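First the structure, in the form of structure tokens, and then the observations on it.
The values are calculated or read from the model by the stated rules, or taken from the named source; none is laboratory data. Quantities reported herein were computed from a predicted structural model and do not represent experimental measurements. Cβ sites come from the backbone with ideal geometry, for glycine too, and all protein chains shown count toward neighbours. In case anyone asks, the SASA skips ligands and DNA or RNA and just uses the protein heavy atoms, side chains included. Shrake-Rupley method; radii C 1.70, N 1.55, O 1.52, S 1.80 Å.
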Amino acid sequence: MMITDNDNKTIEVGDGAAIPTKADAGLFTAWRISFLGAVGALAYLVIAKPDPYLNILKFVPDGIVVTFKVTIGAILLSLLLGLLTGLGRISGNRFFNGIASVYVEVIRGIPLLVQIFYIYYALGRVVHVPDMLSAIIAMAVCYGAYMGEVIRAGIQSIPKGQMEAALSLGMTRTQAMGHVILPQAIKVVLPPIGNEFIALLKDSSLVSILAVSDLLRRGREYASESFAYFETYTIIALVYLIITLILSKLIGLMEERINANR
Amino acid sequence: MKKLRMLTLLAAASAFVVAISSTAFAGKDLKTVTFATDATWPPMEMVDANKNIVGFEIDLMNEIAKAAGFTPVYKNTAWDGIFAGLAAGRYDAVLSSVTITDERKKQFDFSDPYISVGQILVVSKSAGNVKVLADLKGKKVGAQIGTTGAFETKKVAGVELKTYDEVGLAFEDMAAGRISGVVCDEPTAAHYALQRQEYKAKFKIVGKSFTSESYGIAVQKGNKELVALLNKGIKAVKAKKIDEKLKKKWLR
């Protein structure tokens with residue numbers, strides 16, 4: 001049995017090209033241009049035309065907080081769901097494997113917006129759950145399936161020999177999974193999970209359809225009263241862009257540290 | 001050969017785009033007038049089982065059109081953004097239970113009012129003794145985004161406004177117990193609270209309407225021709241008391 005070199009096992013991250021690495025010393029990276037451009041545009045609009053731009057910016061901060069709350073709540077819950085699903089998908093137990101696989105297939109087959117609507121209003125018929133928690137649950141159920149696939153791929157990227165070696169040392173399968181496979185898999189899956197995090201933050205704008213007062217909802221409320229649709233969506237887009245650029249930068253830094261630790 | 005196929009595809013695509021844009025901007029001669037309507041506001045405008053847009057306002061506009069001599073075309077449009085579409089010229093007018101307000105008058109021109117209604121509060125029966133909106137302090141009250149119901153609710157300090165894309169979603173959320181009340185136009189409130197079987201047992205209407213508003217047809221600023229045409233039709237319909245007949249048919 002051949003044990004392959006583990007250092008080559010990475011999953012490419014889609015946003016990677018935009019994030020400067022240490023080797024990328026140029027001043028005008030894609031990330032810098034987008035970030036400075038977005039901040040500059042926002043500052044210019046707010047200073048040059050405080051009415052309506054500053055008014056819009058003053059109207060939305062509590063929406064940004066709600067967007068963060070929904071995103072972080074959903075990411076934690078979906079990680080948990082994803083871990084269970086990922087383990088279920090590689091499990092030899094037919095029952096768990098079946099449940100996890102059906103869950104992934106069903107969720108991936110339904111548009112996110114439809115799922116959010118469905119889970120929110122279906123949940124309301126069965127149990128009494130506050131609106132923000134329902135929105136978080138809806139997002140987490142949707143993203144749990146995708147997280148599960150990321151985690152499954154991460155676990156499967158660890159060479160079989162690792163498991164075999166652990167078993168031959170007398171570990172049980174559970175011990176081997178917990179002490180040998182998962183710690184290695186986490187390094188592999190962290191970057192794509194970071195990517196899912198950004199995708200989730202953007203998709204969290206869909207919960208505005210559930211009357212959750214997130215960033216997009218606040219913007220729409222402002223526009224509906226002032227009729228300043230173009231101006232409002234300009235600000236909303238810039239705010240989302242700045243938040244996701246900061247996040248992608250953080251994820252880039254995290255990736256670098258993981259690679260440095262290897 | 002491959003190049004030729006690409007060219008054919010390109011030609012087909014551009015023909016498609018031209019076809020779409022020409023239908024969208026046709027009919028500026030006032031023989032046909034396109035009305036945007038958010039058909040989620042029963043009984044004023046809604047989509048029936050046969051996918052037709054029906055309701056009090058649709059019947060009324062058909063009569064107005066007959067009297068004024070034009071053909072109405074109805075376009076089902078989401079309320080949030082319906083005015084942005086009017087400003088952009090995607091349709092000629094908005095016929096969608098639009099209350100004439102000073103803010104809206106700054107942006108658009110309006111026809112003469114054709115009906116007067118008011119905002120009313122609907123609560124779930126378990127809400128206890130609620131007499132006015134201010135009794136729901138510290139609680140959540142729903143309304144459709146950008147409606148006068150939402151604006152009125154926002155005015156009441158201490159009441160947390162939640163805005164929905166459609167008023168039906170607000171009623172469904174109240175049935176689920178997530179909000180304590182819904183504010184909307186009286187005819188619509190009556191439809192949801194008294195005529196929908198599943199809601200009848202759960203909801204009750206609080207008192208009488210607490211505002212007095214007039215619906216008008218919104219058109220682009222400066223479109224005097226269309227306003228004159230609509231006003232002519234409205235006058236004729238009112239003179240024949242057709243609007244009263246339709247009120248009996250659609251409203252309680």
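Per-residue mean of foreign Cβ neighbours for B:138-151 is 2 (Cβ atoms of other chains, 10 Å radius). Counts of other chain beta carbons within 10 angstrom of each beta carbon in peptide A:220-228 average 6. Solvent exposure of B:LYS106, expressed as accessible area, is near 150 Å², computed with a probe of 1.4 Å over the protein chains only.
To the nearest Å, what is the center-to-center distance of region B:128-184 and region A:199-262, using C-alpha atoms only? One Cα centre to the other: 27 Å.
Determine the shape class of region B:203-252: with a ≥ b ≥ c the square roots of the Cα gyration tensor eigenvalues, call it rounded for a/c under 1.5, and otherwise prolate if a/b is greater than b/c, oblate otherwise. Here region B:203-252 falls in the oblate category.
Look at the alpha carbon pairs under 8 Å that are at least 6 residues apart: their mean separation over the length of region B:43-182 gives a relative contact order of 18 percent. The packing ranking of peptides A:216-222, B:173-179, B:121-127, highest mean first, is A:216-222, B:173-179, B:121-127, where packing means the average number of other beta carbon atoms within 10 angstrom of each residue. Dividing the helix sum by the residues of the protein assembly as shown, where each DSSP H run of 4 or more adds -39500 (n - 2.57), gives a mean residue ellipticity at 222 nm of -18500 deg cm²/dmol. Surface analysis of region A:28-261 yields an accessible area of 47 Å² per residue, using protein heavy atoms and a 1.4 Å probe. Look at the stretch A:126-135: the mean tally of other chain Cβ atoms within 10 Å of its residues' Cβ atoms is 2.
For chain B, the longest principal axis of the C-alpha atoms and the axis of helix B:224-239 are separated by about 50°. Treating the angle as unsigned and between 0 and 90°, give the value, to the nearest 10°, between the Cα long axis of helix B:56-68 and the longest Cα principal axis of chain B. In chain B, helix B:56-68 runs at an angle near 50 degrees to the longest axis. Measuring between alpha carbons in the structure, the pairs from B:LYS51/B:LYS131; A:LYS69/A:LYS187; A:LYS49/B:LYS75 lying more than 31 angstrom apart are B:LYS51/B:LYS131; A:LYS49/B:LYS75. So the label point goes 7 Å from the Cα of A:ASN55 along Cα→C-beta, right? Which residues of region B:139-175 then have their backbone N under 18 Å from it? Counting backbone N atoms under 18 Å from the label point, the list is B:146-148, B:151-152, B:154-155. Rg and Dmax over the alpha-carbon atoms of region A:28-261 stand at 21.2, 71 Å. Look at the alpha carbon pairs under 8 Å that are at least 6 residues apart: their mean separation over the length of region B:119-206 gives a relative contact order of 41 percent. Roughly speaking, what is the centre-to-centre gap between region A:59-89 and region A:118-162 when only Cα atoms are used, to the nearest Å? Each part reduced to its Cα centre gives a spacing of 9 Å. Which of B:LYS139/B:LYS162; B:LYS204/B:LYS247; B:LYS66/B:LYS245; B:LYS66/B:LYS240 have a Cα-Cα distance over 20 Å? In this structure, B:LYS204/B:LYS247 lie more than 20 Å apart at Cα.
In chain A, Cα pairs under 8 Å separated by at least six residues give a relative contact order of 31 percent. Of the listed residues B:PHE151, B:PHE203, the order by accessible area with a 1.4 Å probe, largest first, is B:PHE151, B:PHE203. Between A:SER205, A:SER226, A:SER78, the GNM of chain A built on Cα springs shorter than 10 angstrom shows A:SER226 fluctuating the most. Summarising the amide proton neighbourhood of B:GLN144: residues at separation of 5 or more, or on other chains, whose placed amide H is nearer than 5 Å comprise B:ALA150, B:TYR164.
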